[in-house]
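Computed from the coordinates by the stated procedures, all read-outs in this text should not be read as laboratory data. From a predicted model like this one, the values you see are computed outputs, not experimental measurements. Here the Cβ is made from the backbone with ideal geometry for all residues, glycine too, and neighbour counts use every protein chain on show.
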Number of protein chains: 2
Amino acid sequence: MVRSKWNKNSFLNTIYQTNEEVNSVVGPKSFLENRKESRTQLKTVKITNVRAIDLRFPTSRGMLGSDAVNKDPDYSAAYCILETDAGIEGHGLTFTIGRGTELCVSALEYLSRAVCGRSLSSITDDFASFARQLSEDSQFRWLGPEKGVIHIAAAALINSVWDLYARAEQKPVWKLLAEMEPEQIIRAVNFRYITDALTPDEALELLKRSSFGKEERLTLLEHEGYPAYTTSVGWYGFSDDRVRELCHEAIADGWTHFKLPWWLEEPTNPDDILGHARIRREIPGMRIATGECCSNRIMFKQFLQAQALDVCQIDSCRLAGVNENLAVILLAAKFGVPVCPHAGGVGLCEYVQHLSIFDFLCVSASLENRVIEYVDHLHEHFLDPVCIVKGHYVLPRRPGYSIEICPETLNKFAYPHGEVWTEKQ
Amino acid sequence: MVRSKWNKNSFLNTIYQTNEEVNSVVGPKSFLENRKESRTQLKTVKITNVRAIDLRFPTSRGMLGSDAVNKDPDYSAAYCILETDAGIEGHGLTFTIGRGTELCVSALEYLSRAVCGRSLSSITDDFASFARQLSEDSQFRWLGPEKGVIHIAAAALINSVWDLYARAEQKPVWKLLAEMEPEQIIRAVNFRYITDALTPDEALELLKRSSFGKEERLTLLEHEGYPAYTTSVGWYGFSDDRVRELCHEAIADGWTHFKLPWWLEEPTNPDDILGHARIRREIPGMRIATGECCSNRIMFKQFLQAQALDVCQIDSCRLAGVNENLAVILLAAKFGVPVCPHAGGVGLCEYVQHLSIFDFLCVSASLENRVIEYVDHLHEHFLDPVCIVKGHYVLPRRPGYSIEICPETLNKFAYPHGEVWTEKQ
């Protein structure tokens, strides 16, 4: 039984008892067959306007999300809506933890000029060039390059384009990716500055090799879901009693992995590649995990080259969206390092399930030592929230990137004028 | 003879012919003796208000500053003025190249809350803690940490505090630093995440060792100035003929170092420590320089540990102000690597002369293989512009960090409402 608060309120208002039940409710065929819209032609989809919203949840009031570094996060997002002339929208967000979200919103507003007035196909036909257009703006890049505010703002925009792309194709993002030809995946990756570790040819070869058995792996995921671990039991600000109680509840729900054990996460500064490598060398047998604050593919490349990590924790918003995550997923596979995405916050679980499913179907072809982080809050705000059964992510079926937030939430939690921020505490 | 445009207009409206002349004009005693104000007590200086200004110079119109990466920079700054109740101000800026400067201004406005209402001594007595207060804000840090928009904005604020500090002490910043006890320098450095390369004890030992001969080195600098190289002869957008002509002029002016030769600068992505190390290893004898886009002390530490550079190009604004530059100067000395600061842009020459002079007087104690970058534009906007004589920086004498910009410039070049941005092109 899943005891997720959000489940009680979400559109999927069902307590799943078994995997079979899940398939009967959100089985791929039944869901897609129910959709009325016909597949949209990408060329005819034109992006007419972009809206950027500063969205903040006052999670610090309950110590949710607190850890050794992040004492009092207010889970937040710079949220992006692509409006089109084709009756569909693209939604995307980048995750932040409160103050400074307005900077990401401003950066997002600037970057969105790169999509206004463009057809969707003009972006997706040469997706890596689009990602480079954002990261290599001749003046804006000084403020990174490819890191910090401007980079995580780019993630919101890029992810919103993928959401739009997947809706136009009437597929969830994982399926859109999994059904692309390997050559299409390669064309979506910016290989600049990583070819010393992975060339496009090597990546293509890897993707082609991993395509064997894809159907069987898909069947497995449809039956079992993708394994997860739960972080919700052990936030830093919780008392021991509370942690104990939450662990018992989680075991009863079928969870087998709880965040506290199994690896040492970000044991020093997230920029310190050589420091991580040294810690890993000097504590033999200790698995080192890092990545939620790793800025870009060039940093991840070096973590892998320096044998500095055992667990690659990609972040769907710290990296510049799906495209740069593809680069790191391919790099990790080349180096034989499992990808266990960072999630939680707001929207990260919804995002990373797509990335891990694609990773298993088309790149790593393995579940060994792989689990997706799961955190049990804020999902009630999403139209297509994640679905967890017995400690596994159930495959999302709705077209898009699962990231659209309910309109009433966009109003209520808008900062600083939304109801939740103006009402008296 | 110095053929600097700015010299013609600046308050030091003199063409210096010899080093002796320079000393007779801006000798340390004569200048200081002329000042009317008495030394201000730091405890009595309270910061009452902070003003942040978006300042942009349309340098791209003349291809000034163009290089292989930065095609069309509009040299710009997020400019910071600390107002006090003691009749003095602190000025600081962080350098940018145009679009996005508004993000730095917003970040600066947020960070400035950390100084409003505080006495100067409450900051300077525990300067490293102040720097950590800015970089470790529990929510804001997510947007870095210690990199990108929020970090370079912190530089403007921290540098303005040093300017105020030096004015209160009636010394130029280099002299303020050079006359501090080694223990005071150590207390200004945030050693977090660098002690595996340099401990506070080692740094203290290094500073004490280097104090021998400080007076003689000061005398040398007063007579000769600090050696410089000029970048103004060879911007990317210049024709060969223009470069040739400018080189001839520079030689006639006494320059001996021109930017094009002597090292290979930033040969790959600025985050790619291992990439730089490999290039250095595989091209024996080629000196590798990098740093103007190196985010923080943790990255510099690794460049040094990995033997990835021969020339350490600290940036006075990319790093979080004087304090983090002190950390990197000490690290570089420990590894025996010369510091040749990145300069140019707007205000960087004014800044880095102080850092290099301190480096020579108190840390490296050497001029071998050391030159400060010099770029010959925008100096006319400063109240205390750099002074170059025969390819050497003349020691600045005015109290402060040499960074105050004329009030009329602050009006005229303010973006987007200043005259230069509203007038028709």
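Listing for the model above:
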{"read-out": "Sparsely packed GluC sites (Glu not before Pro) within region B:324-392, loop by DSSP, other Cβ within 10 Å at most 16", "value": "B:E368"}
{"read-out": "Alpha-carbon gyration tensor eigenvalues x 5, square-rooted, for region A:115-239, Å", "value": "27, 24, 18"}
{"read-out": "Length-normalised contact order for region B:207-409 - Cα pairs under 8 Å, 6+ apart - percent", "value": "26"}
{"read-out": "Environment charge of B:L108, counting only residues whose C-beta is closer than 11 Å and scoring Lys/Arg +1, Asp/Glu -1", "value": "-1"}
{"read-out": "Cα radius of gyration and Dmax for the protein assembly as shown (Å)", "value": "28.1, 91"}
{"read-out": "Rotationally averaged projected area of region B:203-255 (alpha carbon convex hull; nm²)", "value": "5.9"}
{"read-out": "GNM result for chain A, Cα springs below 10 Å: residue of A:V69, A:V328, A:V346 fluctuating most strongly", "value": "A:V69"}
{"read-out": "Peptide B:148-155 - average C-beta neighbours from other chains (10 Å radius)", "value": "5"}
{"read-out": "Base-10 log of normalised Debye intensity for region B:363-425 (one unit scatterer per alpha-carbon) at q = 0.25 Å⁻¹", "value": "-1.13"}
{"read-out": "Hull volume in cubic angstrom per residue (convex hull over the Cα atoms of chain B)", "value": "136"}
{"read-out": "Calculated from backbone phi, Karplus (6.51, -1.76, 1.60) coupling profile of region B:272-277 in Hz, x at Gly/Pro", "value": "8, 4, 5, x, 4, 4"}
{"read-out": "7 Å along Cα→Cβ, label-point gaps from B:K71 to other copies, nm, shortest first", "value": "4.5"}
{"read-out": "For A:G336, inter-copy label distances in nm, listed shortest first [label point 7 Å out on the Cα-Cβ vector]", "value": "3.8"}
{"read-out": "D (Stokes-Einstein, µm²/s), Kirkwood Cα radius, region B:207-409, 1.306 mPa s at 10 °C", "value": "90"}
{"read-out": "Within 10 Å of each Cβ in A:92-99, the average number of Cβ atoms from other chains", "value": "3"}
{"read-out": "Integer Hz, Karplus 6.51/-1.76/1.60 couplings in order for region A:164-180, x for Gly and Pro", "value": "4, 4, 5, 5, 4, 8, 6, 9, x, 4, 4, 6, 4, 5, 5, 9, 6"}
{"read-out": "Across the identical copies, how the A:K214 labels are spaced - nm, sorted shortest first, 7 Å along Cα→Cβ", "value": "6.8"}
{"read-out": "Taking chain A and dividing mean pair separation by its residue count, relative contact order in percent (alpha carbons under 8 Å, at least six apart)", "value": "21"}
{"read-out": "Residue of chain B whose Cβ sits closest to the axis mapping B onto A, with distance in whole Å", "value": "B:G148, 1"}
{"read-out": "For B:295-303, mean number of other protein chain Cβ atoms within 10 Å", "value": "4"}
